[in-house]
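Chemist: Can you read through this structure? Questions will come right after.
The values are calculated or read from the model by the stated rules, or taken from the named source; none is laboratory data. All of these numbers come straight from a predicted model, not from anything done at the bench. Every residue, glycine among them, receives a Cβ derived from its backbone with ideal geometry; neighbour counts consider all protein chains shown. Keep in mind that these areas ignore ligands, DNA and RNA; they rest on the heavy atoms of the full protein, side chains included. Shrake-Rupley method; radii C 1.70, N 1.55, O 1.52, S 1.80 Å.
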Amino acid sequence: MPTSSQRANRSLVVAGIAWVLFWSLMVLVAMEDYRRDGGTALWQPMLWETSSAVVATVLFLVQRRFSRGDDALVATPRRWFGRQLRWLPLYWFGFTPIVFAIRHGIYALAGARYEHQPWSDVFVYEALKISVFFGLFTTIGFGLLSYREMMKERVRAEQAGALLREAQLERLTRQMQPHFLFNALNTISSLMHTDVARADATLVRLADVLRATLALGERPQARLRDELRLAQGYAAVMAERFEGRVTLAWDVDPATLDVMLPAISLQPLLENVFKHTVGRRREATAIRVAAAVDGDTVIVRVEDDGGVLDESGTPGITVTNLRTRLTALHGENASLALIALAPAGVRAEMRLPCTC
């Protein structure tokens, strides 16, 4: 995306081209009218309009040089135009003497005499003409300044939105980490009462999981391969606690391993299964984690064969947070759905734009 300075330079170039084209047209029209009236010295109409163009350009540049401070008033057009009108006398009393001095001088060098109407008529006519040009180009200048300010405001809004999304992602990620740590420590606490060796081994696995959690928590997104490393470590910890009551299957298409997900998004979905299904059942629970590419979409699923959706339909903090993060990152192009399976089970299905 072009920067504000690039947009300003582009607007300046466009304005310069328009200025040159306008005066080129004025020169051509003057030459054509002169030729139709029987004139043969085409340098004369060219001189008339060129001298007007040069002087008008110099006066305009002087105006811009000393009126840049008025650009901040573009949001209040009445004040801005009022400030510009202060420069109109410069054109009235500066344009005609300089232009006609140039014309008389060049005519004299060419050995000719520049004839025109009486000075009183010349001043009135030229003042009216330059006033019309002044109004035209002042209005165009106002339009260009307004467009530049609008683009600056849009850039500021985009930057503010990006910072807001980043802050939201950081807040939501940090909100999920203590939740995970609390549940993992509960698992180790339970094992300490039954098997110290297993608790020690689980604690080592938990250290690895926490290390991965800290690494992923430093950024808003992570690759699926990193998410899987964290999720598999977490699943190993939880499988120790629910020995004999859970089986895990990992069905991941290698083409999806480099897809970017919200950081720490897969593990919380697994945590939901252990908390709401495995922890409440005596029977064994089969958990399947899958990832595949479907056209321009990547589908990541975490499903079990024994879960039941909450009848209230109100999602928990894990689902709510993850949906918010997906929206912040991808807008309407990403989603997280909870689907009831038959005869029993729940599937958490995350859909994201494919970057593979």
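Chemist: Per residue of the chain, what 222 nm ellipticity follows from adding -39500 (n - 2.57) for every DSSP H run with n ≥ 4, rounded to the nearest 500? Display every interim value, and only then the final one.
Modeler: Working: 9 runs with 228 residues, N = 356.
After summing the helix terms and dividing by residue count, I get -22500 deg cm²/dmol.
Chemist: Separate question: For the stretch 201-275, treating each Cα as an identical point scatterer without solvent, what Debye log10 I(q)/I(0) comes out at q = 0.13 1/Å?
Modeler: Values, matching the q order: -0.38.
Chemist: Tell me, what is the percent relative contact order of the chain, built from C-alpha pairs under 8 Å that lie six or more residues apart?
Modeler: Details: 376 pairs, mean separation 39.3, N = 356.
Computed over the chain, the figure is 11 percent.
Chemist: Multiplying the sequence separation of ASP200 and TYR147 by 0.36 nm and subtracting their Cα-Cα distance, what value in nm do you get? Walk me through the intermediate numbers first.
Modeler: Values: separation 53, 0.36 × 53 = 19.08 nm, distance 6.57 nm.
Value of the extension gain: 12.5 nm.
Chemist: Scattering from the C-alpha atoms of the stretch 4-173 alone, worked out with Debye: what is log10 I(q)/I(0) at q = 0.15 1/Å?
Modeler: -0.94
Chemist: Rank-order 242-249, 131-138, 50-57, 259-266 by packing density, defined as the average count of other C-beta atoms within 10 Å over each peptide's residues, highest first. Intermediate values should be presented prior to the final figure.
Modeler: Numbers: 242-249: 13.5, 131-138: 15.2, 50-57: 18.5, 259-266: 24.9.
Ranked by mean Cβ neighbours within 10 Å, highest first: 259-266, 50-57, 131-138, 242-249.
Chemist: Would you mind telling me the share, in percent, of accessible area of the stretch 259-314 contributed by carbon and sulfur at probe 1.4 angstrom?
Modeler: On the way: 1090 of 2450 Å².
Carbon plus sulfur share of accessible area: 44 percent.
Chemist: Between Rg and the Kirkwood Rh of the stretch 178-353, both from Cα atoms, what is the Rg to Rh ratio? Mind showing how you got there, number by number?
Modeler: Working: Rg = 15.8 Å, Rh = 16.6 Å.
Result for the stretch 178-353 is an Rg/Rh of 0.95.
Chemist: Once whole DSSP H runs in the chain are found, which of them have Cα atoms spread over 15 Å or more along the helix axis and a mean Kyte-Doolittle score of at least 0.0? Can you show the working numbers first?
Modeler: Working: long enough: 4-36 (48 Å, 0.48); 43-67 (35 Å, 0.50); 88-109 (32 Å, 1.15); 119-192 (108 Å, 0.18); 196-217 (30 Å, 0.91); 224-241 (25 Å, -0.25); 266-276 (16 Å, -0.07); 317-330 (19 Å, 0.24).
Sorted by number, the helices that extend far enough and score high enough are 4-36, 43-67, 88-109, 119-192, 196-217, 317-330.
Chemist: Ok, one more. Of the candidates ARG223, ARG86, ARG325, which one comes out as most mobile in a Gaussian network treatment of the chain with C-alpha springs shorter than 10 Å?
Modeler: Judging by the Gaussian network model, the answer is ARG86.
Chemist: Say we join alpha carbon atoms closer than 10 Å with springs in a Gaussian network model of the chain; which of LEU336, LEU270, LEU128 then has the biggest fluctuation?
Modeler: LEU128
Chemist: Residues of the stretch 233-259 with backbone nitrogen within less than 20 Å of a virtual label 7 Å along the Cα-to-Cβ line of ALA344, please, listed as ranges.
Modeler: Residues 239, 242-249 qualify, since their backbone N sits under 20 Å from the label point.
Chemist: I'd like the FRET efficiency for SER312 and SER189, computed as 1/(1 + (r/R0)^6) with the beta carbon distance as r and R0 of 45 Å, rounded to 0.05. Walk me through the intermediate numbers first.
Modeler: Values: r = 30 Å, r/R0 = 0.67.
The value I calculate is 0.90.
Chemist: Mind sorting out which of (i) 23.7, 78; (ii) 20.6, 59; (iii) 37.3, 117 is the real Rg and Dmax of the Cα atoms in Å computed from the coordinates?
Modeler: (iii)
Chemist: Mean separation of Cα pairs under 8 Å and 6+ residues apart, divided by the residue count of the stretch 178-353: what relative contact order is that in percent? List each step's numbers first, then the result.
Modeler: Numbers: 267 pairs, mean separation 32.0, N = 176.
That works out to 18 percent.
Chemist: So if I take the centroid of the Cα atoms in the stretch 281-354 and the same for the stretch 72-114, what is the distance between those two points in Å?
Modeler: Using only Cα atoms, the two centres lie 71 Å from each other.
Chemist: How much of the DSSP bridge set in the chain is antiparallel, in percent, rounded to the nearest 5? Walk me through the numbers before you get to the answer.
Modeler: On the way: 24 of 31 bridges.
Within the chain, antiparallel bridges account for around 75 percent of the total.
Chemist: When the chain is fully extended, how far beyond the present Cα-Cα distance does ASP71 get from TYR114, taking 0.36 nm per residue of separation? Don't skip to the end; give the middle numbers.
Modeler: On the way: separation 43, 0.36 × 43 = 15.48 nm, distance 4.08 nm.
Going from the current span to full extension adds 11.4 nm.
Chemist: Within a Cβ distance under 15 Å of GLY316, other residues only, what is the Lys/Arg minus Asp/Glu net charge? Walk me through the intermediate numbers first.
Modeler: Working: positive: LYS275, ARG280, ARG323, ARG325; negative: GLU271, ASP310, GLU311.
That sum, taken over residues with Cβ under 15 Å, equals +1.
Chemist: While we're looking at this one, here's another question. Keeping every protein chain present and rolling a 1.4 Å probe, give me the accessible area per residue for the chain in Å². Before the final figure, lay out the partial values.
Modeler: Values: 20120 Å² over 356 residues.
Heavy-atom SASA per residue in the chain reads 57 Å².
Chemist: What are the residues whose amide H is under 5 Å from the amide H of VAL252, where those residues sit 5 or more places off or on another chain and H is modelled from the backbone?
Modeler: For VAL252, the qualifying residues are ALA291.
Chemist: Determine the relative contact order of the stretch 260-356: mean sequence separation of Cα pairs under 8 Å and six or more apart, normalised by residue count, in whole percent.
Modeler: 31 percent
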